[in-house]
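Scroll down for the structure; my scribbles are underneath it.
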2 protein chains.
Amino acid sequence: MLAKSTEYAIRAMVYVQLQNWKVKRPGVVEIAHEIEAPEAYTAKILQTLARHQLLLSMKGRGGGFFYENNNSSATLFDIIHVMEGDGIFHKCGFGLKNCNSENPCPLHNRYLIVRNEFFNISKTETIASLSNNILEGKATLNRITAAY
Amino acid sequence: MLAKSTEYAIRAMVYVQLQNWKVKRPGVVEIAHEIEAPEAYTAKILQTLARHQLLLSMKGRGGGFFYENNNSSATLFDIIHVMEGDGIFHKCGFGLKNCNSENPCPLHNRYLIVRNEFFNISKTETIASLSNNILEGKATLNRITAAY
DNA sequence: TTATTAAATGATATTAAGGTCTTTTTATAA
DNA sequence: TTATAAAAAGACCTTAATATCATTTAATAA
């Protein structure tokens, strides 16, 4: 469904949120390790996110990644949009170029339900809301249920 | 969502079905052209489908692709399974390796709804049912609403 | 029984996603 | 004011998906 780089991006942002709530600003090495992603690649992704101001960064000693007011209200949609565009919310399930309600592919109506449901989720879930599930012990970021 | 090759596969099988209902057995060149896919690549995909017996083929003069009794009850699931495996029905939306109801990612429950809905569609829609939408004029295979 | 038609096979090429490495810039503590 | 820590930037590498091409196999009409 999502590109691997988008998954890394979301996981990274959630981890930064959890640390930020503890008034910490994790760096690339720590983040990559915690979300089980390659270090250099994670750095690239964090740069992209920072460039688009989905998170803030500080260079030098004591630097790292964080959010304004230690809180991120970025939606999944925002992150997906920056990482891979919004094709996923528009593409026809059959791969047709001009598929729409006027000229639908054989799968159009049923696929629309799936796509819209995912769109809904993407627009309502934020880094803060997702991170809160972890804070409350209802979910985890990795196989080891770490204490954040 | 689906790999491009899977989309080509589904479109190809639908086109074969439409022709088969007219007791015709289209060949690679015709199929590729009609579904707007590259010829040689379409040939590869048809071979894969034939090898897995999702369709039948005949070599030589008057040869082409067709179904037993000119009808295909293959589901979308069958085709997806052969073309790209069933990762799409199992993968975690967050990209976690061990995400399940016991150890859920923050998105688990909401993503499950999307995945299950798509699974449902894949298990209930068949090449025949999809093709029938076109036969009845309710849908199309390409931008030009061709008469099949 | 041969020419022709069409699919199968296998090798190769191209493109995009995923990933690494080195150098540069910026911040801060000593 | 210098050494050090950390992110930014850019060049490069690897892998998988997509796509092409040449050759072989099989079927049938003449």
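Applying a threshold of 9 Å to beta carbon distances and a minimum spacing of six or more residues, or different chains, the list of pairs starting in the stretch B:39-63 at a residue that is more than 13 Å from B:I10 (Cβ to Cβ) and among the hydroxyl-bearing types (S, T, Y) and ending at one that is open to solvent by 60 Å² or more (accessible area, probe 1.4 Å) and in a loop (DSSP other than H, G, I, E, B) reads B:S57/B:R25. Here are A:E84, A:E34: which of them is within 17 Å of A:Y8 (Cβ to Cβ) and surrounded by fewer than 19 Cβ atoms within 10 Å (Cβ to Cβ)? One residue alone meets the criteria, A:E84.
Would you check if B:I88 is β-branched (V, I, T) and over 23 Å from A:E117 (Cβ atoms)? No.
Residues in the stretch B:49-69 that are near DNA strand C (Cβ under 6 Å from one of its atoms), over 22 Å from B:N142 (Cβ atoms) and not aliphatic (A, V, I, L, M): B:R51, B:S57, B:K59, B:G60, B:R61, B:G63.
It is to be established whether one or more residues within the stretch B:74-93 are closer than 15 Å to B:I127 by Cα, of a type in the set (G, A, S) and either at pLDDT 95 or above or in a helix (DSSP H, G or I) (or both). Within the stretch B:74-93 (the criterion being closer than 15 Å to B:I127 by Cα, of a type in the set (G, A, S) and either at pLDDT 95 or above or in a helix (DSSP H, G or I) (or both)), the answer is yes, since at least one residue qualifies. Of the residues screened, A:N133 is one that is surrounded by 14 or more Cβ atoms within 10 Å (Cβ to Cβ), farther than 30 Å from B:E34 by Cβ and within 11 Å of chain B (Cβ to nearest Cβ). Scanning the stretch A:10-48 for residues that are under 22 Å from A:F118 (Cβ atoms) and within 10 Å of DNA strand C (Cβ to nearest atom) gives a single hit, A:I45.
Do the conditions hold for B:A9, that is, is it within 12 Å of DNA strand D (Cβ to nearest atom), farther than 15 Å from B:I79 by Cβ, open to solvent by less than 80 Å² (accessible area, probe 1.4 Å) and not β-branched (V, I, T)? Here the answer is no, as B:A9 does not meet what is asked. For the stretch B:39-51, the criterion of being assigned to a helix (DSSP H, G or I), away from chain A (no Cβ under 14 Å), surrounded by 14 or more Cβ atoms within 10 Å (Cβ to Cβ) and away from DNA strand D (no atom under 16 Å from the Cβ) is met by none of the residues. Somewhere in the stretch B:116-124, is a residue hydroxyl-bearing (S, T, Y) and in contact with a Phe, Trp or Tyr (Cβ under 8 Å, 6 or more places away or on another chain)? Checked against the condition, which is being hydroxyl-bearing (S, T, Y) and in contact with a Phe, Trp or Tyr (Cβ under 8 Å, 6 or more places away or on another chain), the stretch B:116-124 yields at least one hit.
For the stretch A:21-28, indicate whether the set of residues that are touching a Lys or Arg at 6+ places or on another chain (Cβ under 7 Å), at pLDDT 95 or above and farther than 30 Å from B:G137 by Cβ is non-empty.
No.
The values are calculated or read from the model by the stated rules, or taken from the named source; none is laboratory data. These numbers were taken from a predicted model, which means no experiment stands behind them. Reconstructed Cβ throughout: ideal geometry from the backbone, glycine too, with neighbour counts over all protein chains shown. Keep in mind that these areas ignore ligands, DNA and RNA; they rest on the heavy atoms of the full protein, side chains included. Shrake-Rupley method; radii C 1.70, N 1.55, O 1.52, S 1.80 Å.
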